[in-house]
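See structure below.
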Amino acid sequence: MTSLPQIDDTESGHSEFLQDVIDGLSQPQKSIPCKYFYDAKGSKLFERICETEDYYVTRSDLEVLKACASQVAHLVGPGCHIIEPGSGAGEKIRILLRAMTDVFQYTPLEISADALHASAARLAEEFPDIRIHPVVADFTADQDLSRVFENPAPGANLVFFPGSTISNFRRAHAGKFFDFATSLMQEGGYLLIGVDLVKPRDKLLAAYNDREGITEEFNKNLLHRINRELGGDFHVEAFEHEAIFNEAMSRIEMHLISKQEQTVTIGGQRFDIAAGETLHTENSYKYTLESFTELAAKSGLVSEHTWTDTREYFSYHLMRADKHGA
Ligand code: AVI
């Protein structure tokens, strides 16, 4: 039986990182893909962002998830197989598993084998009646799903994608994710997805410019990581963190602005950075209920049920494949 690809502390992961950085810095608007935020230090910093008062996203997400979990259990029915791409520390799934009394199997897919096995062991202890089936996988890469479906479930498949990770995907990438989710859902399955919503600008800006400066540290860690792992020579302290709301694109953009002219060498290539020039490091799209529904419909997914908190800061959508076709 072939397994999903095992990734990624290897040479091929390293050279992909180098190539992505070189490609990004070669564009007129220099950029670095946001997936590289999450080395061990970056993942810790992200956890600390989630605990800040300014970053409303995590609290709103948990509020809606706790409120909708038992209804989700009722709608999806018994004997289901929950599959979570990018499960990370596996905290939010506990809310769902507590509400769903008759789950057949939980399959977390996670690129970091250490995080995956640690969280699977904790869940197996807390939920001894549920089959926990961890699979090391990069869900953004090409997939062989055979290991996910080794044990056919009596009920429906439920793909769980909390945390508004979809916010960090451009439209084309979101479409690819929906296609991947649809292949995991199989016939009659569901997608439960968390989506952050448009809200007053000051709230959005505060969340990505937190007063404790942790988002700034998270953003700059990307340059430290390039210096450390790729032998780059960014003068990190000569950059400033900036997060702006691009209203036309309905997205928060994170940038690093160079305070001075500098030349950076990475992998034998030189890049000139002017004073005031920015490196674009992340997009975080903010949806309305309508704009998200429209986006998912392009991939043939329809909302069966939607939940929000009272302030309408965050939403969960239980989606199914449109029987009438996209
Ligand atoms: C992971 N993702 C949903 C976060 C977001 O809000 O876009 C990443 C993040 N970037 C800065 N703060 C949090």
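The values are calculated or read from the model by the stated rules, or taken from the named source; none is laboratory data. Predicted model only: the values in this text are computed from it and were never measured. Ideal geometry is used to build each Cβ from the backbone, glycine not excepted, and the neighbour counts take in all protein chains shown. Heavy atoms of the whole protein, side chains included, go into the accessibility calculation; ligands, DNA and RNA do not. Shrake-Rupley method; radii C 1.70, N 1.55, O 1.52, S 1.80 Å.
Whether any residue in the range 285-292 is crowded, with 17+ Cβ neighbours inside 10 Å, in contact with a strand residue (DSSP E or B) (Cβ under 8 Å, 6 or more places away or on another chain), within 29 Å of ASN227 (Cα to Cα) and not basic (Lys, Arg) is what I want to check. Break it down into steps so the answer makes sense when it comes.
Our first condition is that a residue be crowded, with 17+ Cβ neighbours inside 10 Å; within the range 285-292, this holds for 285-287, 292.
So of that shortlist, the ones also in contact with a strand residue (DSSP E or B) (Cβ under 8 Å, 6 or more places away or on another chain) come out as 285-287, 292.
Okay, now just the ones that are also within 29 Å of ASN227 (Cα to Cα), so 285.
Filter once more, keeping what is not basic (Lys, Arg): 285.
Yes.
For the range 306-326, which positions are open to solvent by 60 Å² or more (accessible area, probe 1.4 Å) and either polar (S, T, N, Q) or assigned to a strand (DSSP E or B) (or both)? Talk me through it step by step, then tell me what you get.
Within the range 306-326, the subset open to solvent by 60 Å² or more (accessible area, probe 1.4 Å) is 310-312, 323-324, 326.
Selection gives THR310 alone.
Do we find that LYS220 is in contact with an Asp or Glu (Cβ under 9 Å, 6 or more places away or on another chain), crowded, with 17+ Cβ neighbours inside 10 Å, in contact (Cβ under 8 Å) with a residue 60 or more places away in the chain and of a type in the set (D, E, K, R) in this structure?
Details: in contact with an Asp or Glu (Cβ under 9 Å, 6 or more places away or on another chain): yes; crowded, with 17+ Cβ neighbours inside 10 Å: yes; in contact (Cβ under 8 Å) with a residue 60 or more places away in the chain: no; of a type in the set (D, E, K, R): yes.
No: the conditions fail for LYS220.
Restricting the search to the range 17-59, which residues are closer than 24 Å to THR263 by Cβ, within 13 Å of the ligand (Cβ to nearest atom) and without any contact (Cβ under 8 Å) to a residue 12 or more places away in the chain?
Of everything in the range 17-59, nothing turns out to be closer than 24 Å to THR263 by Cβ, within 13 Å of the ligand (Cβ to nearest atom) and without any contact (Cβ under 8 Å) to a residue 12 or more places away in the chain.
For the range 116-134, give me each residue that is in a helix (DSSP H, G or I) and open to solvent by 30 Å² or more (accessible area, probe 1.4 Å). First the steps, then the outcome.
Let us first name the residues in the range 116-134 that are in a helix (DSSP H, G or I), namely 116-126.
Across the range 116-134, the qualifying residues are HIS117, ALA118, ALA121, ARG122, ALA124, GLU125, GLU126.
Taking GLY268, is it open to solvent by less than 20 Å² (accessible area, probe 1.4 Å) and out of contact with any Leu (no Cβ under 8 Å at 6 or more places or on another chain)?
No, not satisfied.
Restricting attention to the range 269-291, does a residue exist that is polar (S, T, N, Q), within 20 Å of the chain's Cα centre (by Cα) and assigned to a helix (DSSP H, G or I)?
Step one: of the range 269-291, the residues polar (S, T, N, Q) are 269, 278, 281, 283-284, 288, 291.
Of the ones still in play, those that are also within 20 Å of the chain's Cα centre (by Cα) are 281, 283-284, 288, 291.
Going one step further and asking which of them are assigned to a helix (DSSP H, G or I), we end up with 291.
Yes, the range 269-291 has at least one match.
Among the residues of the range 174-210, write down those that are open to solvent by 20 Å² or more (accessible area, probe 1.4 Å) and in contact with a Gly (Cβ under 8 Å, 6 or more places away or on another chain).
Matches in the range 174-210: THR182 only.
Restricting to the range 247-272, what's the tally of residues that are charged (D, E, K, R) and either within 16 Å of the ligand (Cβ to nearest atom) or touching a residue at least 60 places away in the same chain (Cβ under 8 Å) (or both)? So that I can check it myself, show each step before the final result.
Filtering the range 247-272 down to residues charged (D, E, K, R) leaves 247, 251, 253, 259, 261, 270, 272.
Still in the running and either within 16 Å of the ligand (Cβ to nearest atom) or touching a residue at least 60 places away in the same chain (Cβ under 8 Å) (or both): 251, 253.
Summing the residues that are charged (D, E, K, R) and either within 16 Å of the ligand (Cβ to nearest atom) or touching a residue at least 60 places away in the same chain (Cβ under 8 Å) (or both) in the range 247-272 gives 2.
Scan the range 293-305 for residues that are open to solvent by 20 Å² or more (accessible area, probe 1.4 Å) and either part of a strand (DSSP E or B) or not β-branched (Val, Ile, Thr) (or both) and report the count. I'd like the intermediate steps shown before the answer.
Restricting attention to the range 293-305, the residues satisfying the condition of being open to solvent by 20 Å² or more (accessible area, probe 1.4 Å) are 293-294, 297-299, 302-305.
Cutting the leftovers down to either part of a strand (DSSP E or B) or not β-branched (Val, Ile, Thr) (or both) gives us 294, 297-299, 302-305.
Matching residues across the range 293-305 total 8.
For the range 135-147, state whether one or more residues are away from the ligand (no atom under 16 Å from the Cβ), outside any loop (DSSP other than H, G, I, E, B) and either open to solvent by 10 Å² or more (accessible area, probe 1.4 Å) or touching a residue at least 60 places away in the same chain (Cβ under 8 Å) (or both).
There is at least one residue in the range 135-147 that is away from the ligand (no atom under 16 Å from the Cβ), outside any loop (DSSP other than H, G, I, E, B) and either open to solvent by 10 Å² or more (accessible area, probe 1.4 Å) or touching a residue at least 60 places away in the same chain (Cβ under 8 Å) (or both).
Is one or more of the residues making up the range 154-173 under 24 Å from ALA40 (Cβ atoms), over 14 Å from the mean Cα position of the chain (by Cα) and open to solvent by 30 Å² or more (accessible area, probe 1.4 Å)? Even if it seems obvious, please write down each step before you answer.
To start, the set of residues in the range 154-173 that are under 24 Å from ALA40 (Cβ atoms) comprises 161-165, 167-169.
Checking the rest, the ones that are also over 14 Å from the mean Cα position of the chain (by Cα) come to none.
There is no residue in the range 154-173 that is under 24 Å from ALA40 (Cβ atoms), over 14 Å from the mean Cα position of the chain (by Cα) and open to solvent by 30 Å² or more (accessible area, probe 1.4 Å).
Suppose the filter is of a type in the set (Asp, Glu) and within 27 Å of ALA296 (Cβ to Cβ); does ASP138 pass it?
Values: of a type in the set (Asp, Glu): yes; within 27 Å of ALA296 (Cβ to Cβ): yes.
Yes.
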